[in-house]
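Nothing in this text is a laboratory measurement; each read-out follows from the coordinates by a stated rule. Values in this document were obtained by computation on a predicted structure and should not be read as measured data. Neighbour counts run over all protein chains shown; Cβ positions are idealised from the backbone, glycine included.
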Amino acid sequence: MKKTDRSDLVRQALDGLTMEDLLRLELREAILGIGFRAVELLLEEERTAACGPRYRHASDREASRYGYAAGELILGGRRASVRRPRARTKDGREVSLPSWEHFSSTDPLDERAVEQMVVGVTTRKYDRSLEGLPESVKARGTSKSAVSRRFVAKSQRKLEEWSQRSLADLPLAVIMIDGIHFADNVVLMALGIDDGGNKHVLGLQEGATENTATCSDLLTSLVERGVPTDRPLLFVIDGAKALSKAIRHTFGDRALVQRCQVHKKRNITERLPQGLRREVGRKISDAYNCGDAERAKRQLKALAKEFEESHPSAAASILEGLDETLTITSLGLPKALERSLSTTNAIENLNGTFRSISRNVKRWRGGKMILRWVTTAADEASANFRRIKGHTGMPKLMEALSQHARDLDSTALAA
């Protein structure tokens, strides 16, 4: 039997409808009605190809019509009921209709559920966010529980994909690590920057606090998935001592650690009276921006001495990890790149995406739920990643890392 052209199917679907009938309908309702009718005609055409024309005797018939079965196809974010024509072979096997197999195998419902959550639609209002269907079409799959199940399933698959994908082929130069805090949980996020300045979300690790065990678990996962330990990398971290310790333990002396200067400045000024914070903050910024690590160190040590008696906790905070706050300054990088790599702001931007996407969540039910939402936010943010500011200076960083490796090798040989 000659296959009907698509345009013929549309003409047949329009058959019987007058222009007056069409004008009474909304455009959307008219298009959907015509589309449903065209699908019915296409399926019936395929059944006729398998069984032969209706009511006509054929001795060589391989299959016979077998009525209709209730079926569902995905339409506009829900499951729409459709009558599926059936046919069986002489030995009782179901005949597969190619168009039905194609339409029913395409299931974008999980993606649609995630997309609606990302743009801020709650599960309760999911049905209202969809385009309406003609009253004659029965549909399901838009309840709060159904949408929630689809979101959980899709985000869990994405979490598993991210946690297992190989990192061996990424030419990483920098790894930034920072935490997203909840009431009783923290999720550590590792963001990689390659030698071209491109950003990549590398991994997530949930824990009770930013302790050494949680940090070590994250770093071990990265190494197992291909992050090298035999060449130098720059780590930019939020300032947690446990994280710095875990990096040294996993990557050794080849790791250069830069503590976030924004976090450090905040930690210092929070230990001072309100009236001193602005002036001290300015002095700290001036030191960090002077472009000379030794000069910056002298300025910060002098500032610590100034508060040694009056505010000893602030003075101790200035001196704690001082060298690690100036690692980036000592590398002699272009100013724009130095600014980008002196803080964990790149991850803070990811945190902003997460807070926006999860704003409708009223109650967190454990770490697994948190990880699914953070993964969803990271996936959404990744689609809009841009290269870091100052990326044209990345060759300078790569050379500085190579020089660090040569210095380590020379020291080892001398010993």
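Before anything else, pin down the relative contact order of the range 170-408: Cα pairs under 8 Å, at least 6 apart, normalised by residue count, whole percent.
Values: 359 pairs, mean separation 53.2, N = 239.
Reported relative contact order: 22 percent.
Going down the list Lys199/Lys368; Lys245/Lys265; Lys241/Lys362; Lys335/Lys368, which pairs span over 29 Å between their C-alpha atoms? Can you show the working numbers first?
Numbers: Lys199/Lys368 25 Å; Lys245/Lys265 21 Å; Lys241/Lys362 32 Å; Lys335/Lys368 40 Å.
Exceeds cut-off: Lys241/Lys362; Lys335/Lys368.
Relative to the present Cα-Cα distance, how much length would full extension add between Asn198 and Ser81 at 0.36 nm per residue of separation?
Values: separation 117, 0.36 × 117 = 42.12 nm, distance 4.59 nm.
Here the segment from Asn198 to Ser81 would lengthen by 37.5 nm.
In order along the range 305-320, the Karplus-derived 3J(HN,Hα) couplings, from 6.51 cos²θ - 1.76 cosθ + 1.60 at θ = phi - 60°, round to 5, 5, 9, 4, 8, 7, 9, x, 5, 5, 4, 5, 5, 4, 7, 5 Hz, and Gly and Pro are given as x.
Between Ala153 and Ala414, the simple spin-label model (points 7 angstrom out along Cα→Cβ) gives 6.3 nm.
What number comes out for the charge environment of Gly52, summing +1 per Lys or Arg and -1 per Asp or Glu over other residues with Cβ under 11 Å away?
Details: positive: Arg47, Arg54, Arg56, Arg61, Arg65; negative: Asp60, Glu62.
Taking every other residue near Gly52 into account, the sum is +3.
With Cβ to Cβ distances under 14 Å as the rule, what net charge do the other residues near Arg386 carry (K, R +1; D, E -1)?
Values: positive: Lys199, Arg387, Lys389; negative: Asp194.
Net charge around Arg386: +2.
With a simple spin-label model that places each label point 7 Å from the Cα along the Cα-to-Cβ direction, the separation between Leu319 and Arg248 comes to 1.7 nm. Antiparallel beta bridges, as assigned by DSSP with both residues in the range 170-408, represent about 65 percent of the total such bridges.
Computed over all pairs of different Cα atoms, the Kirkwood value for the hydrodynamic radius of the range 276-415 is 18.5 Å. Compared with the direct C-alpha span, the chain from Gln274 to Asn211 gains 19.6 nm at full extension, assuming 0.36 nm per residue.
Determine, from the Cβ-Cβ distance of Ser96 and Ala383 and an R0 of 45 Å, the FRET efficiency 1/(1 + (r/R0)^6), rounded to the nearest 0.05. Could the numbers behind the result be given before it?
On the way: r = 37 Å, r/R0 = 0.81.
The calculated FRET efficiency here is 0.80.
Label sites at Ser330 and Asp169, each approximated as a point 7 angstrom past Cα along Cα to Cβ, lie 3.6 nm apart. Rounded, prolate or oblate: which fits the range 170-408 when a ≥ b ≥ c are the square roots of the eigenvalues of the alpha-carbon gyration tensor, with rounded for a/c under 1.5 and prolate only if a/b beats b/c? Since a/c reaches 1.5 but b/c is at least a/b, the shape of the range 170-408 is classed as oblate.
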